[in-house]
Amino acid sequence: MSWMQQLSKVYENNMDHVGEFEERQNQRITLLPVSHVMQSAQIEILINRDGEFVSAKVIEKENARTIVPATSASANRSNSSAPHYIHDKLFYVAGDYVAYTGENKREKHHQDYLGQMKEWAEFPNAPKKVKAIYQYVKKGNVIEDLINEKVIPVDSNNEVITKWTSSEEKPLIYKVVPGDILSAFVRFDVLHERADDPFIWEDKQLFDDYIEYQETIAEMEKGYCYVTGKETILTTQHGSRIRNAGDMSKLISANDNSGYTYRGRFAKPTEAVQIGYDVSQKAHHALRWLLQRQGTYVDSRYFVSFGVEEVEVADPLEGTANHLFDFFSVEMDEDTKTHIYTEEIVAKELNKALQGKRHELKKDMLENIIVMSVDAATPGRLAIVYYQEQNADLYYEALAHWHRTCYWLMSFKNENKWISYHGAPSTYQIVEAVYGRNGDPRMKKELYTRLLPSITEKKAIPKDIVQTLFNRVKNPFSFEGLGQWNSVINIACALINKQYEKEGFTVALQGENSSRDYLFGRLLGIAEVMEQRQLKERDEGRATNATRYFNAFSQHPARTWMVIRKQLNPYFQRSGGQTGYYAMLIQQIEDKLAVENMTDAPLSPVFLLGYSSQIQHLYTKKEENENDSVAE
């Protein structure tokens with residue numbers, strides 16, 4: 001139960017966020033108060049302090065989020081009658097619902113809601129706003145008022161038009177309510193006496209009043225909570241809607257009324273585990289808030305990283321560019337088309353960025369950073385598929401290690417300028433490189449999860465991931481274009497570099513490296529650059545022989561190299577001195593390859609490192625020569 005303990009602490013450390021809405025990822029979110037749920041309302045009714053109707057309106061979708069006081073039963077309701085307090089669906093709040101629809105089965109829903117509101121309104125020191133709303137709803141004319149206010153349209157027979165079929169402009173109510181408009185959710189507000197009066201669904205004093213009221217009337221079993229170790233009110237009904245508003249799956253569930261999975265083991269749920277109501281509410285609300293605030297999702301799997309005291313932490317799923325975006329966004333000369341940041345510069349700035357995040361945490365309160373992921377195997381059951389607690393220093397050290405060891409030359413475009421840097425790709429880039437844009441989302445989410453231990457725990461990267469990516473890269477024409485293929489090669493090189501981190505490979509060309517695979521990669525890189533330059537001079541857009549034979553070369557390097565070398569001869573003959581430098585390089589590398597290594601044994605992924613480093617070296621050398629010529 002460590003996850004509940006830590007999430008409960010997160011809630012308590014962020015009490016100032018309770019009920020405070022903020023904009024995150026294009027939606028309004030808040031940390032919910034205990035005993036409250038979030039609902040999307042479609043209709044708003046304003047009444048005065050005496051419980052008299054003032055006005056009503058349809059709510060735009062962007063303003064629909066409403067904090068609603070709830071019971072354990074109403075927060076987990078399905079088809080049975082279990083009303084919320086104050087705000088709820090029309091068939092709960094409207095006493096004239098049955099009169100307009102003829103659905104007699106809904107009569108109980110309204111009576112339950114009205115009885116619940118009556119008890120709170122008549123409770124000693126009940127809030128005036130609650131009393132006013134009760135005075136209004138007990139009159140039983142909510143739908144009539146909405147019709148008179150033109151919120152709910154009716155036909156010539158004064159019957160509600162539940163679905164709009166006319167060709168005329170659709171009224172707003174039909175745009176915001178999915179399906180039958182009589183299933184709309186209604187929220188109430190009471191006429192404000194002062195300009196700074198909060199909306200009733202954002203009134204913190206009302207939140208506290210409701211929590212206090214629930215604690216007073218609670219008739220729940222008491223016992224020792226397994227999370228806190230204290231005697232408290234227990235609950236067997238735990239939070240749902242953790243990942244999104246339509247998510248009914250739960251992390252903890254004791255629903256065993258049919259099928260009897262646990263027959264003969266437990267007579268009742270609390271014999272398996274006892275969890276306090278308060279800690280369950282806080283933990284589930286905190287997790288929901290964190291996922292909405294700073295979570296990432298792939299298919300049905302959600303990932304989040306957070307600190308116990310300071311929730312903002314560096315995201316392990318992000319690449320080096322994400323962490324250093326502000327640094328990369330510095331002003332550059334107008335005539336600069338490309339800006340390259342070396343390994344030393346990136347390492348220094350990344351250190352600053354991560355150190356800055358680390359120092360934002362108060363040293364005297366430094367505790368764990370948590371990385372977790374949740375997913376649902378079935379619609380009703382949610383599971384924690386990854387969970388790791390780490391000391392903050394160890395966490396940031398692991399992140400820095402990942403960015404230092406899983407790196408290669410990366411590029412991205414920023415305001416029409418290309419920025420190249422030595423850094424790590426993001427997990428998104430890795431996953432897209434391994435499976436492609438049209439890959440199975442289920443495979444992709446598993447790969448995200450499998451990469452996390454390598455990032456946050458310094459564990460070795462799974463070999464099958466590198467091999468899968470290597471196999472994909474070997475087929476250049478399976479990509480949408482050679483530009484995309486080259487980008488994926490760089491990502492593959494970063495992962496290969498990580499897999500062989502003890503070998504000490506670098507982006508810079510290692511001229512002394514005598515590895516068979518590395519040298520064969522260099523040969524293919526020289527052939528690629530030489531022919532590419534010749535084709536560019538002749539304005540020919542076709543692929544080089546090195547690219548065309550890439551897959552065959554990786555499988556049968558010696559035999560394929562003889563074919564490629566033979567096809568390079570015409571370029572050597574026609575271009576004379578221009579290609580002499582390449583001929584010399586090829587001869588030097590062939591000399592380094594011992595006779596016993598000139599075989600057709602398949603090449604390992606290291607060959608890609610030699611290929612990429614050689615190409616970068618040749619292009620960089622050309623740029624340096626051009627710059628020297630300009631200077632002279």
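The values are calculated or read from the model by the stated rules, or taken from the named source; none is laboratory data. All figures in this text were calculated on a predicted structure; none of them were measured in a lab. For neighbour counting, all protein chains shown are included, and Cβ atoms are generated from backbone atoms with ideal geometry for every residue, glycine included. Accessible surface is based on the protein model in full, side chains and every heavy atom, while ligands, DNA and RNA are left aside. Shrake-Rupley method; radii C 1.70, N 1.55, O 1.52, S 1.80 Å.
Hey, what did the chain get for relative contact order, percent, Cα under 8 Å, at least 6 apart?
It comes to 11 percent, rounded to a whole number.
Could you point to the residue in Ile233, Val563, Ile143 farthest towards the positive end of the chain's charge dipole, with +1 and -1 charges on the Cβ of Lys/Arg and Asp/Glu respectively?
Val563
Hull surface divided by four, with the convex hull built on the Cα atoms of segment 521-613: how many nm²?
Its Cα hull, projected and averaged over all orientations, spans 5.8 nm².
Please report the relative contact order for segment 1-79, taking Cα pairs under 8 Å with a sequence separation of at least 6, and give it as a percent rounded to a whole number.
This gives 25 percent for segment 1-79.
Could you tell me the largest-minus-smallest coordinate of the C-alpha atoms of segment 429-542 on each of the three principal axes, in descending order and whole angstroms?
Sorted from largest, the Cα extents of segment 429-542 read 49, 37, 18 Å.
Can you give the angle from 0 to 90° between the axis of helix 557-575 and the longest principal axis of the chain, with both taken from C-alpha atoms, to the nearest 10?
That helix lies at roughly 70 degrees to the long axis.
Could you pull out the pairs from Lys458/Lys592; Lys444/Lys474; Lys458/Lys621; Lys417/Lys463 whose alpha carbons sit more than 32 Å apart here?
Cα-Cα > 32 Å for Lys458/Lys592; Lys458/Lys621; Lys417/Lys463; rest within.
Separation of segment 92-124 and segment 541-593 by C-alpha centroid, Å?
Segment 92-124 and segment 541-593 have Cα centres spaced 83 Å from each other.
For segment 1-152, what's the relative contact order in percent, using C-alpha pairs closer than 8 Å and at least 6 residues apart?
Relative contact order here is 20 percent.
Looking at the P(r) of segment 110-156, how many percent of alpha-carbon pairs lie beyond 17 Å?
Of all Cα-Cα distances in segment 110-156, 44 percent exceed 17 Å.
Beyond 21 Å, how much of the Cα-Cα pair distribution for segment 474-632 remains, as a whole percent?
46
Filter Lys230/Lys282; Lys139/Lys175; Lys105/Lys222; Lys108/Lys163; Lys57/Lys89 down to the pairs with a C-alpha to C-alpha distance above 23 Å, please.
The pairs that break the limit, which is 23 Å between Cα atoms, are Lys139/Lys175; Lys105/Lys222; Lys108/Lys163.
Farthest toward the dipole's positive end in the chain, which of Gln587, Ala254, Val529, given Cβ charges of +1 (Lys, Arg) and -1 (Asp, Glu) about the Cα centre?
Gln587
Can you compute the helix-only [θ] at 222 nm over the chain? Use -39500 (n - 2.57) per DSSP H run of at least 4 residues, normalise by all residues, nearest 500 deg cm²/dmol.
After summing the helix terms and dividing by residue count, I get -13500 deg cm²/dmol.
Could you work out what % of the accessible surface of the chain is carbon and sulfur, using a 1.4 angstrom probe and leaving DNA, RNA and ligands out of the count?
Carbon-and-sulfur percentage of accessible area, whole number: 47.
Heavy-atom accessible area per residue, the chain, 1.4 Å probe: how many Å²?
Roughly 49 Å² per residue, with all protein chains present.
How much of the pair distance distribution for the chain lies past 36 Å, counting alpha-carbon pairs only, in percent?
When all Cα pairs of the chain are counted, 54 percent exceed 36 Å.
May I ask for the distance between the Cα centers of segment 501-520 and segment 142-208, given as a whole number of Å?
Distance between centres, Cα-based: 69 Å.
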